[in-house]
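Read the structure below first, then the notes.
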Amino acid sequence: MALVPLPRERATYVDHGEALRVILPPRRSAFILILLAIWLAFWFVGAKSALHEITAPTPSPARAFLVIWLSAWVIGGCFAAFTFLWMLLGREIIEVRADQIVLRKELLGISRSRGYDITQVKDLRVGPVVPPLLDGSTFQRLFDAKRRWQYSVSQAAEVWGLAGGPIVFDYGPRTIRCGAALDEAEGKMVIERLRARNSRLRVAGAA
């Protein structure tokens, strides 16, 4: 019986002396990328057709409806385009410094960072991962009218791999999650590296 090869780690570690940076590529799915590309192609055709009807010199009785429809269509297209680009080119960075943990997301040279006072970081741990979109139960619940209301924007972002993750810590009254591309097993490995880098994450009440 052949042994299953050991999977490669997703995380890349860069030590800058004053900080340890954990670089994480997004979780990619060829099926989802192809699906989004096809959808965006149809989105462009639909948006172009609706815009042509709206700007036509002859008034159309459906113009008001088309304006509302096009607004929603643009929002959906922006989300799909962002997800597509994120899967291809985005990256998540967890940076541990002497005095804070910085969570950063970067895409096409644009980044968004949030810093957390490391003395206020409590209970650094591994939490359950939200199943990816291709998981049968999650995919079914997204289209279940009885359960759809239960999904917040943040939960939907987790399903698409845009937020969340197995690395969890408490920050005051809030629970912070990161490492969206990681499985729970690698989440434990990353936490071990974070604790080794900063002893404050090992003290009682902090980790």
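Quick note: the coordinates plus some simple rules give every number you see, no bench work behind them. From a predicted model like this one, the values you see are computed outputs, not experimental measurements. All Cβ positions, even for glycine, are placed from backbone atoms using ideal geometry, and neighbour counts span all protein chains on display.
Annotations
- ³J(HN,Hα), Karplus 6.51/-1.76/1.60, whole Hz, each residue of the range 118-127, x for Gly, Pro: 5, 6, 9, 7, 10, 6, 5, 7, 9, x
- Formal net charge of residues neighbouring residue 19 (Cβ-Cβ distance under 11 Å; K, R +1; D, E -1): -1
- Label-to-label distance, residue 119 versus residue 1, with points set 7 angstrom from Cα along the beta-carbon direction: 5.4 nm.
- Measuring spread by the Cα atoms of the range 32-87 yields a radius of gyration and Dmax of 13.1, 42 Å.
- Couplings 3J(HN,Hα) of the range 63-80, computed from phi: 4, 4, 5, 5, 5, 5, 4, 5, 4, 5, 5, 5, 4, x, x, 5, 5, 5 Hz, in residue order, whole Hz [Karplus 6.51 cos²θ - 1.76 cosθ + 1.60, θ = phi - 60°; x for Gly and Pro].
- From phi via Karplus (6.51, -1.76, 1.60), per-residue ³J(HN,Hα) for the range 164-177 in Hz, x at Gly/Pro: x, x, x, 8, 10, 8, 9, 9, x, x, 10, 10, 9, 10
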